[in-house]
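The values are calculated or read from the model by the stated rules, or taken from the named source; none is laboratory data. A quick note: this is a predicted structure, and the numbers were derived from the prediction, not measured. Here the Cβ positions follow ideal geometry from the backbone for every residue, glycine too, while neighbour counts run over all protein chains shown.
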Amino acid sequence: MPEKATETLDELELKKIELDSLIDIIKSINGNIPEQDLYRTFMFTLRSYPHISKMTLYVLDQDTEVDASRNKWFNKEGFGTLGNYKDVVLPQEILDIQEVSHATEFNHIAPFNEFSSIIPINHKNNILAYLFLGRAYDAPEEKEIDLRFIQAVSESIIVAIENKKFARKQKVQEVFSRQLEMASEVQALLLPKQLPHQEKFSVVASYYPHHNVGGDYYDYIPINENEFLLCVADVSGKGFPAAILMSNFQAALRTMARQTTDLKKIVEELNHLIIQNSGGGHFITAFFFLYNKKEKTAVYINAGHNAPILMLNAHQIQHLEEGTTILGTFDTLPFLSVANVNELDDFLIFCYTDGFTETAGDDGEEFGEDNLLEGVKENFDHSHQELHERLFNKLHLFKGNNPYPDDITLLSCRVKK
């Protein structure tokens with residue numbers, strides 16, 4: 001058979017292989033098969049391609065947490081290579097390659113110098129993968145690998161896989177969004193709908209979640225005509241699990257407050273509840289303040305929370321620090337004690353979460369407890385609601401262009417003679 005006819009037959013055979021490969025790949029993509037099966041289809045396609053003796057494929061995976069040195073490039077498939085590339089990190093010299101390159105440009109980079117070509121796989125000007133090909137030793141020199149075809153096939157597979165990842169992320173995001181919505185609804189139910197606002201007795205709360213769902217909680221619970229309980233708390237973590245834990249915390253607190261005014265017993269039971277429900281995955285800082293109007297006395301427990309400020313006037317100040325450690329960490333709370341405050345008939349108690357004091361200014365310095373105390377003292381004689389407003393104005397001016405780092409809750413109670 002004439003040489004030209006032989007070449008034509010070879011070309012036809014190659015085109016048939018390419019066409020069959022494309023059909024197989026299109027079927028695989030349309031068949032919605034798993035990602036790993038798409039990688040295998042791709043590998044078998046290259047195995048059947050003339051004059052290719054080896055390949056390995058690295059794919060960018062931006063969703064996986066890895067050591068920064070790995071650059072989030074993972075070896076997915078390969079055949080015929082001298083070594084195992086699963087644990088070989090792509091060097092920066094390879095990552096700098098933006099176009100199809102031949103061995104002369106990278107043959108000094110071991111172990112990748114066993115390949116003859118590198119094909120970057122692009123999509124929308126972003127490199128998603130690097131394909132390394134080795135030419136068969138017995139392939140005639142005049143028979144070149146059709147790198148453009150290989151690149152087109154590679155892009156089809158990699159883009160299909162990226163679309164699968166994107167669809168999966170969308171589903172996850174939809175579930176996450178619904179969870180946030182549910183958590184936000186749960187959290188809205190936790191906060192008291194009405195707070196007392198009388199001339200001689202008022203409770204004011206200001207709550208600003210950092211995200212759609214925050215980890216702060218506050219409550220005012222009337223016990224009887226003489227007693228009420230104040231609580232402010234901050235749960236570690238955010239989102240739906242934290243909101244559910246806090247809802248259990250609130251339900252238990254309100255149930256127990258109807259059964260007993262023994263703060264020590266209440267706190268111990270809440271600690272057990274948190275441990276059982278969170279499995280050690282969350283903890284809660286909290287402050288509990290039980291006031292008796294008739295006796296003019298209060299008892300409190302601070303469970304690892306920022307110490308509230310008790311003010312009899314602008315100069316008589318006490319920080320309420322006594323109690324125990326955070327809830328949800330120790331089966332038996334260490335050094336748990338109930339503190340007493342007597343002769344309370346005219347006072348302001350001011351509670352807050354650390355989102356307020358840890359807000360930083362442009363210079364990186366945090367607002368801090370001293371600034372908060374100064375702000376409360378400066379505005380002690382203003383109306384109860386105005387006290388909160390002026391404190392937030394002070395914080396807003398302090399932080400400058402910095403964002404708020406966390407949820408912020410202010411809860412205060414004012415009792416007058």
Candidate set from the range 54-75 (those that are modelled with pLDDT of 90 or more and hydroxyl-bearing (Ser, Thr, Tyr)); member that is nearest to residue 168 (Cα to Cα): 58
Meets criteria (basic (Lys, Arg), surrounded by 16 or more Cβ atoms within 10 Å (Cβ to Cβ) and under 21 Å from residue 248 (Cβ atoms)) for residue 264: yes
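Taking residue 332, is it out of contact with any His (no Cβ under 9 Å at 6 or more places or on another chain), under 27 Å from residue 277 (Cα atoms), crowded, with 18+ Cβ neighbours inside 10 Å and assigned by TED's automatic domain parsing to the domain that holds residue 229?
Values: out of contact with any His (no Cβ under 9 Å at 6 or more places or on another chain): yes; under 27 Å from residue 277 (Cα atoms): yes; crowded, with 18+ Cβ neighbours inside 10 Å: no; assigned by TED's automatic domain parsing to the domain that holds residue 229: yes.
Taking the combined requirement at face value, the residue does not satisfy it.
Considering only residues of the range 96-117 that are in a helix (DSSP H, G or I) and hydrophobic (A, V, I, L, M, F, W, C), which is farthest from residue 84 (Cα to Cα)? Steps first, answer last, please.
Filtering the range 96-117 down to residues in a helix (DSSP H, G or I) leaves 103-105, 112-114.
After this cut, where a residue has to be hydrophobic (A, V, I, L, M, F, W, C) as well, the list is 103, 112.
Details: 103: 20, 112: 11 Å.
The extreme case among them is 103.
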Failed condition for residue 363, given (1) under 22 Å from residue 298 (Cα atoms); (2) free of Cβ contacts under 8 Å to residues at least 12 places away in the same chain; (3) among the charged types (D, E, K, R): (1)
Every pair of residues 6+ apart whose Cβ atoms lie under 7 Å, when the first sits in the range 237-258 and is in the same structural domain as residue 290 (by TED's automatic domain parsing) and polar (S, T, N, Q) while the second is crowded, with 19+ Cβ neighbours inside 10 Å and at pLDDT 85 or above: 248/273; 250/217; 250/219
Single unsatisfied condition, residue 380 versus (1) at pLDDT below 95; (2) surrounded by 19 or more Cβ atoms within 10 Å (Cβ to Cβ); (3) not in a helix (DSSP H, G or I): (2)
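Here's the yes/no breakdown for (1) farther than 21 Å from residue 34 by Cα; (2) modelled with pLDDT of 80 or more; (3) part of a loop (DSSP other than H, G, I, E, B); (4) among the acidic types (Asp, Glu):
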{"position": "77", "(1), (2), (3), (4)": "no, yes, no, yes"}
{"position": "85", "(1), (2), (3), (4)": "yes, yes, yes, no"}
{"position": "94", "(1), (2), (3), (4)": "yes, yes, no, no"}
{"position": "119", "(1), (2), (3), (4)": "yes, yes, no, no"}
{"position": "141", "(1), (2), (3), (4)": "yes, no, yes, yes"}
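For the range 77-99, give me each residue that is of a type in the set (Gly, Ala, Ser) and either over 21 Å from residue 157 (Cα atoms) or not assigned by TED's automatic domain parsing to the domain that holds residue 133 (or both).
Let us first name the residues in the range 77-99 that are of a type in the set (Gly, Ala, Ser), namely 78, 80, 83.
Result: 83, single match.
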